[in-house]
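Q: To start, I am sharing the structure in question, which I have written as structure tokens.
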Amino acid sequence: MNNSDYENYIKLKDQLNIYRRQYYTEDAPTVQDFEYDRLYQELLKVESAHPEWVTNDSPSQNVGGAINSAFPKFRHEIPMLSMDDVFSLEESQASAERIKKFVNQTDVEFNLELKIDGLALSLIYENGRLVKGSTRGDGFVGEDITPNIFQIDDVPKTIPLKERIEVRGECYLGKDSFAELNNKRLEDGKSTFANPRNAAAGSLRQLDSSITKSRHLQTFIYFVIEPENYGLKTQSEALKQLQEWGFATNNQNRVVNDFKEVQNYIDEYQEKRLDLPYNIDGIVFKVNDFKLQSLLGNTVKVPRWEFAYKFPPIEAHTHLRTIEWTV
Ligand SMILES: CC(C)(CNC(=O)c1ccc(Oc2ccccc2)cc1)c1ccc2c(N)nc(N)nc2n1
């Protein structure tokens, strides 16, 4: 074993763990997402060449981040998973082909969705009433932030469903609300948030829920746990049903059968993303049919039936233009 390779690996792993703590626990990352993704892909490459080097504290072995002890812990009955990222159209085509091969079907329908750049949220309803709200945490144990969830206007406090249900989605701060919040903080001589995701995380994980209320957080709900229990057959049907139950859903999803349509959708939203009132960082490919999803199953960390195509980072000058616009 070449000592310096191993030492470089350890340095890379430690650096990524510092970035993760800043991102997930302190809501104050010091590195851009694309730079983190690049280093993380490098770690995955080294670990696939040297599986004997992988230890439990490697970022590749943990979903999400540690949790803020100020909140009661909440163990998820079903883990909150993340997703494998791909960074090119070719890779996304290869992932789609791998899924088709796995289920031995050539005409697998995918439901394409905007990948909302917020923080993952779980909501539980019993007898039609909201009873629990929690964050992802490390995917298995999150933070119970129920009082704060009641402060989010677009989260329905009751739904017309008597059975118990858990739904999941993303909590985000719209670009306008983000600009207003940062301008106000500047006026008050406070530090500003680096991006809307951190601002949403910082706002949702406030111990004083009146502060959460003042932040105008929003949600997009995109996932029903055990959807077959509610007679749902596909992801696109689930999104429609979620909207009918009163949840805020993102209706820009598109069911596609062939790769030309995928290319059109990705091109369309690569253009539109700067004008959307919220941040997206990619496109999520989900096998639409729930029977096929369960055939594909899940690994410990990610479902096999979905993956995310990540947009290339917004060019710095474009980004600056966005900041000029918001200021
Ligand atoms: C698909 C999923 C990863 C959620 N799904 C899960 O968390 C999940 C959880 C247990 C699952 O199945 C299991 C059941 C029992 C045990 C283990 C897994 C399957 C998926 C996800 C994550 C982030 C998303 C995002 N930012 N935007 C959009 N548009 N969609 C997103 N979808």
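Q: Starting at the first residue of region 112-120, write each ³J(HN,Hα) from the Karplus equation 6.51 cos²θ - 1.76 cosθ + 1.60 with θ = phi - 60°, in whole Hz, x for Gly and Pro.
A: Residue by residue, region 112-120 yields 8, 9, 5, 8, 6, 8, x, 10, 5 Hz.
Q: Which shape class, rounded, prolate or oblate, goes with the chain when its Cα gyration tensor gives a ≥ b ≥ c as root eigenvalues, a/c under 1.5 marks rounded, and past that a/b bigger than b/c marks prolate?
A: rounded
Q: For the chain, what is the accessible area per residue in Å², given a 1.4 Å probe and the full set of protein chains?
A: Counting only protein heavy atoms, the per-residue value for the chain is 50 Å².
Q: Leaving ligands, DNA and RNA out of it, report the carbon-plus-sulfur percent of the accessible area of region 162-292 at a 1.4 Å probe.
A: 49 percent
Q: Please report the relative contact order for the chain, taking Cα pairs under 8 Å with a sequence separation of at least 6, and give it as a percent rounded to a whole number.
A: RCO, the chain: 22 percent.
Q: How many nm is it between the label spots at Asn17 and Val131, if each spot is 7 Å from the Cα in line with the beta carbon?
A: Here the modelled spin labels are 3.8 nm apart.
Q: Tell me, what HN-Hα J-couplings in whole Hz come from the Karplus equation 6.51 cos²θ - 1.76 cosθ + 1.60 at θ = phi - 60° for each residue of region 50-58, using x for Gly and Pro?
A: So the J values, rounded to whole Hz, are 9, x, 5, 8, 6, 10, 4, 8, 6.
Q: I've got another one for you. For region 69-131 and region 151-230, write down the distance between their C-alpha centroids in whole Å.
A: So the two Cα centres are separated by 19 Å.
The values are calculated or read from the model by the stated rules, or taken from the named source; none is laboratory data. Computed from a predicted model, the values in this text were never measured in an experiment. Glycine gets a Cβ as well: all are built from the backbone with ideal geometry, and neighbour counts include every protein chain shown. Quick note on the areas: whole protein, heavy atoms, side chains included, nothing else; ligands and nucleic acids left out. Shrake-Rupley method; radii C 1.70, N 1.55, O 1.52, S 1.80 Å.
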